[in-house]
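This report refers to the structure that appears directly beneath it.
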Amino acid sequence: MIRPVVTLRRRRIIIDVDTQKDFLLASGNACVRNHRRVLQNVRRVMAWARMKNVRVISTKQIYDAGNGHSYCVLGTEGCRKVPYTVRQNRVTFVADGCTDLPRDILKTYDQVILHKRCVNPFDEPRADRVLGEIQVNEFVVIGAPAEDAVKHTVLGLLIRRKPVTVLVDAVGSHDRGAAEIAFRQMEAKGAKLAETKTLLGSSCLRLVGVCECDRCQGRLQKKSFGVGA
């Protein structure tokens, strides 16, 4: 009989879905359309988690070179996580088809990072075990993209009867319409949809600190239309 991974009950846990440079930075190979807003709110959530000692489970898409993927390729900069989504006291598990894990990993580590060779984390045995066995009062989900990786993660948790809150302004998407449909599907299955201010309160944070595009660096100025322009 496999012993539970986690026996400690916590009020909340952050589920950080694929917050990688290829998805969230303008220079990434698959950058989401709303990356600046998402980066602001992801940064706020992760800072709050550190301050409140809230544990984090993160997933990372990782693909071998030459398998047809142009993003999140092993060994590339775009595959790496955005720096402020990484905790100092963390443990990383590669995607190798195994389910072996130390018991009570979230008593020992602040963050567990799970590699996956697919979009759906529940297709990876180790990620399936971690997410399925942990018992908390609320799974708070952030990350990208909404229309595939986030949707699969949330629906998988709900199928396993986990209480899920999705912070919609901390979730990126490539297609607004597809994202709205995905959010409706999550809500219909029992997820709560909320904004980060519901959890964290208001904030004056504007700059995201990691993306070098003009918008994220605050270099874009509003156009002025004078006479004769």
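The values are calculated or read from the model by the stated rules, or taken from the named source; none is laboratory data. What you are looking at is a predicted structure, and each value in this text was computed from that prediction instead of being measured. Every residue, glycine among them, receives a Cβ derived from its backbone with ideal geometry; neighbour counts consider all protein chains shown.
A few comments on the model shown:
- Of the residues making up region 99-106, not a single one is hydroxyl-bearing (Ser, Thr, Tyr) and closer than 24 Å to residue 195 by Cα.
- Residue 57 meets each of the listed conditions (1) over 18 Å from residue 212 (Cα atoms); (2) at pLDDT below 95 apart from (2).
- Hits in region 171-182 - residues which are crowded, with 21+ Cβ neighbours inside 10 Å and over 21 Å from residue 46 (Cα atoms): 179, 182
- Output for region 75-96, where each listed residue is in a loop (DSSP other than H, G, I, E, B) and over 15 Å from residue 30 (Cβ atoms): 75, 86, 87, 88, 89, 94, 95, 96
- Within region 122-146, considering residues that are under 16 Å from the mean Cα position of the chain (by Cα) and part of a strand (DSSP E or B), the one farthest from residue 62 (Cα to Cα): 138
- When region 187-212 is filtered for residues that are at pLDDT 90 or above and among the β-branched types (Val, Ile, Thr), only 196 remains.
- When region 98-114 is filtered for residues that are within 15 Å of residue 17 (Cβ to Cβ) and surrounded by fewer than 21 Cβ atoms within 10 Å (Cβ to Cβ), only 113 remains.
- Residues of region 57-77 satisfying the condition of being buried (at least 17 other Cβ atoms within 10 Å of the Cβ) and closer than 25 Å to residue 110 by Cβ: 57, 58, 59, 60, 61, 62, 72
- Qualifying positions in region 183-201 - surrounded by 15 or more Cβ atoms within 10 Å (Cβ to Cβ) and in a loop (DSSP other than H, G, I, E, B): 190, 191
- Flag if residue 15 is assigned to a strand (DSSP E or B), of a type outside the set (Asp, Glu) and more than 20 Å from residue 169 (Cβ to Cβ): no
- Hits in region 98-121 (condition: more than 11 Å from residue 59 (Cβ to Cβ) and either outside any loop (DSSP other than H, G, I, E, B) or touching a Pro at 6+ places or on another chain (Cβ under 6 Å) (or both)): 99, 105, 106, 107, 108, 111
- The set of residues in region 69-95 that are within 15 Å of residue 22 (Cβ to Cβ) and out of contact with any Cys (no Cβ under 9 Å at 6 or more places or on another chain) comprises 69, 70, 74, 75, 76, 77, 80, 81, 83, 85.
- Residue 89 vs. criteria in contact with a Phe, Trp or Tyr (Cβ under 9 Å, 6 or more places away or on another chain) and surrounded by fewer than 17 Cβ atoms within 10 Å (Cβ to Cβ): yes
- Here residue 127 meets the list (1) surrounded by fewer than 18 Cβ atoms within 10 Å (Cβ to Cβ); (2) at pLDDT 95 or above; (3) touching a Ser or Thr at 6+ places or on another chain (Cβ under 9 Å) almost entirely, failing just condition (1).
- The condition of being of a type in the set (D, E, K, R) and at pLDDT below 95 holds for only one of 160, 215, 184, 176, that being 215.
- Within region 20-53, tally of residues that are of a type in the set (Phe, Trp, Tyr) and surrounded by fewer than 24 Cβ atoms within 10 Å (Cβ to Cβ): 1
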